[in-house]
Every structure is written in C-alpha cells, then in structure tokens.
1. Within the range 138-164, how many residues are crowded, with 19+ Cβ neighbours inside 10 Å and touching a residue at least 40 places away in the same chain (Cβ under 8 Å)?
2. I need the full set of residues from the range 312-336 which are crowded, with 17+ Cβ neighbours inside 10 Å and assigned to a loop (DSSP other than H, G, I, E, B), in order please.
3. Within the range 1-74, considering only strands (runs of 3 or more DSSP E) that don't extend past its boundaries, which have at least 3 residues that are over 26 Å from residue 352 (Cα atoms) and in the same structural domain as residue 231 (by TED's automatic domain parsing)?
4. Considering only the range 425-443, I want to know if a residue exists there that is within 15 Å of the chain's Cα centre (by Cα), crowded, with 21+ Cβ neighbours inside 10 Å, outside any loop (DSSP other than H, G, I, E, B) and at pLDDT 95 or above.
5. Within the range 258-311, which strands (runs of 3 or more DSSP E) (wholly inside it) include 3 or more residues that are under 19 Å from residue 425 (Cα atoms) and modelled with pLDDT of 95 or more?
6. Testing residue 188 on (1) without any contact (Cβ under 8 Å) to a residue 12 or more places away in the chain; (2) touching a Ser or Thr at 6+ places or on another chain (Cβ under 9 Å), one condition comes back false. Which one is that?
7. Only one of (1) touching a Ser or Thr at 6+ places or on another chain (Cβ under 6 Å); (2) without any contact (Cβ under 8 Å) to a residue 60 or more places away in the chain is not met by residue 63, so which one is it?
8. If a residue counts only when it is in contact with a Ser or Thr (Cβ under 8 Å, 6 or more places away or on another chain) and of a type in the set (A, V, I, L, M), which helices (runs of 4 or more DSSP H) contained entirely in the range 80-157 have at least 2 such residues?
Amino acid sequence: MIVGTGLGGLTTALRLAKLGYQVEMVEKYHQPGGRLNQLKKDGFTWDMAPTFFSMSYEFKEFVESTGIEMPFEFVELDPLYAVNFANSDKFYMIYKDLKKLAKEFEAVEPDFEAKMTRYLAGAGKLFHDTENIIIKQNFNSLAHFLLQMTRVPWVHAPKMIRSMWSEMERHFESREVKEIFSLVAFFLGATPFDTPAVYSLLSYTEMVHDGYHNVRGGMYKIVEGLMKEFEKENIKITFNTEITGYVESNGQLSHLVDTEGKRWDADIFVINADAAGFRSQIFKRPKFTEERLDRMKWTLAPFTMYVGVKGKIDTLHHHNYFLGSNFKEYAGKIFKNSISLSKPYYYVNVNSRHNKESAPEGCENLFILCPVPDLRFKPDWSDRDELADTILTDLSQRIGFDVKGNLMTLTVMDPKDWERDFNLYKGSGLGLAHDLNQIGGFRPKNYDEVFGNVFYVGASTTPGTGLPMTVISSRLVTERIQKKHGLILA
C-alpha cells in the first residue's frame, strides 16, 4: 500500500510492481501527481508546480531498472531562463555556453568567463565527490551517515560552513551575477543566505553536467506516461481518499484508516506524504510533535497564479525571474513575514511558448510562482487578491503588455490551498529545508522507527527535494524493501 501519488510514490509503485509486489495506492487529491499536477480551465492547461528539472539521467535509470520505454520526451533548455531586475528593461539570458553568457555580463563583471569557469570547476568536483557517497546512499544510522561524510575530501569542508552567498562573493563582484547565480537556492525553497555553499553543486548540474529540461506537451506528461504503465501492471489508485488514522498489531502497522472509517490493509506500507508531517499528524510520534516540527526549518510556501491572457507576449521567455532591488533584505526577511510583499519577487513560466496546445490560439498561459512565508509566520491570507493584483500590475509594467486588461481566466492558490489539497505541512512548498542538520542522516529516515513494515519516500526524507531527488528516493526505498522482504516471485 502506497499513500500518496507524488512522483516518489508513482516511481516506487512501478519499481515494486516490476519486482513482483502487488501494489495499491490511495490519494487525497482527485488525480495523481502530487505537486507534479495539472490544472485545466477555460481552454487553458497549466503545470501546477514543477516546470523544469535537472539530472534527467535519473529518469533514464528509472526506466532502465523497470524495463519500460521512456514514457515522455525530454526537451533540453537553452537558454535556461531569463532574469529581469526592477527598474531595468534588460533581460539577462542565462545560456549554458559560457562565451555567450559572458557577453550578457560584460558590462558588469569583467573577466566573467574565467571566473565562472573556476566556480563551476569547484562545484563540479564537489558534485562528483559526493554524488555516490552521500546523495545516492541509504543510511542505516546517523553514525553511518557521519562515517560516509568522512569519505568526502576535506577540501570541500569550508563549503559546509559558509553560505551559498558567501561562496558567490568569493568568485564574483557584481550584484547582478551574485544574485542571479544564487537563485538555485530558491529552487530548494530557501535563500542563498541560509543555504550551505555545498549546494553550489546545483550550478554545475544546471550549467554543465545535465542542464535543465522540460517535457514536450507539459510536465504532466510524466504522470500520464506512468499511468499507462500502471495499467499494464494492474496498479490500482483510489482517489479522494485521505488517511487520518491507523491500527497496529504486534509491533507492526496493521492497517490505515481513512476519513470514512474504511480500513486499508497491507503487508508493507510506503508513505509518500511528508515524512515528518505524517509521523506527526497520523502516528503522533513524540519526536515529531507539531511544536518540534515548527522549530525545524521548512522551505518557503508557494503562492501560485494560473493566468490565461488574450494575445501573444513576445517580451516574455519560457522561464523568467523577476527580481527587485533589495535582494539581501528581501531574502533575509521573507521567511518570517517581516518584509512587505508590496514589491514581490516572482517566477513566470510560459508553457504555451513551446506547447501551443496549452492555450487557445492567439493566447498565452502564464504560471506565476511567488515564494512566500509558510503558515507558521503568515496564517492569514485574506490579502491574497491584493498580492495577485500587485504581481499582475508589476508584470504588466515590466514586459510592456497589459496582462490585466487582456485577462481571460485567473486561478490563485495560496499556502492554505496547498496545505488543504496536498497536505503540505504548514503550506511549505518543498518540505524540510536543506540545512546542515537536515540533510543526509539528519533528515527523517526512509524507514519507520517503530513499525518494521513502514517506509517513506519523497521530498522530506532522503536524499531531498526536487524531481530527480524523489526518483532517487524511490530507488533507495525500493532497495530497503527488497533487502528486508526480498524478491516476490510472480
């Protein structure tokens, strides 16, 4: 039995089915995908959250291990994205080609190509020195994790101590370069000032190692492709079903209970809900009380807008970041709701740029994401319409297109909506943050501390957040289950 149909749950289900396990899934939402979901309205189609990913080879490992054909088509991005600063008409285009990229910054960062080459070389060495030792490993205990850490070359130790922003300052001088290339911290749901410099390795994965990819037809094609494989394996999913209780027997989990009182029996349970939140809200574990969870560091919450407009917007690129002029202050205060959202930072994806079927002819579909404080720090979202209007007004001014005047449809989701629909703890968008005391062996384990037949997969367990990480997570938890329970003969 797998609870939750996020990418971690879906890939785990197929891995186990291919090993001979009979798999059944339950899902609170009305369709599969978790945060990797889709919204359709008024003739428009949007990806609800993830709009690109790196480390595409993890998907290739998944299909090879399960013996299926790739169920969707990769589209490599280049340029990767565009960035606009407030009070400027310039869009910095972020290319993988360093010579083209250097021309973008020649006015603000002398000798950019040489500086970026050195920076990426260090990030690449860190990535390859940790990928198989830390990122793709199961840890049986904290001691096991710490032992593995000793295998990482000590040359990387300073990056454990300093922040990503400090790492940027060691290599670059201009505000523009430092702010743009520290945006990878926001992909982790954090800021460069509280993200360890070890995550500079993400710059290597985006710029050199594998780049960023979309999926032809939209990101939800990943889920739709997996659903076709589910049909072949007779994997059943029951939707609109929320787990709220459990029954144990002889030290094992006997069955889970949903809101209607129905019991869900299984020999083995895999939880694709938040690994910390489920332990707190369902199992009521003393180490995972709400008070303790609230003291942990969580990622920023999503404030998302799904916008359909009449007309084509040539000034927008496929992936766009809109930043202000107070980066340090904004990043330092946004987590705890101690700065006004009157001038928000936000991201805009235009899926219709490359997938014309996602919008009516002559129209564009815009997905807007504004990272905001989670519900611990901003529980009241009665001002959501005001924030949405602020973003649309600002966007219209920056791109020279009257978005509000050409608005055909608008759907807004605030952190309360994300918490309600997808059980995101306090609305946190990507689960637990990646502080040094919340990575590797310090993250909630992917096996249960009490029940020997319960396992966890997803963003808040090992190895961490992001689509490729959850695919790795599915491999790690499958290895645990197979090691404990063996191969099931068909």
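The values are calculated or read from the model by the stated rules, or taken from the named source; none is laboratory data. Since the structure is predicted, the reported quantities are computational estimates derived from the model, not experimental observations. No Cβ is skipped: glycine too gets one built from the backbone with ideal geometry, and neighbour counts run over all protein chains shown.
1. Total meeting the criteria: 3.
2. Answer for the range 312-336, where residues must be crowded, with 17+ Cβ neighbours inside 10 Å and assigned to a loop (DSSP other than H, G, I, E, B): 313, 316, 317, 318, 334, 335.
3. 24-26
4. yes
5. The strands (runs of 3 or more DSSP E) meeting that bar are 301-310.
6. (1)
7. It is condition (1) that residue 63 fails.
8. On the way: elements: 98-104, 112-130, 142-149.
Those helices (runs of 4 or more DSSP H) span 112-130.
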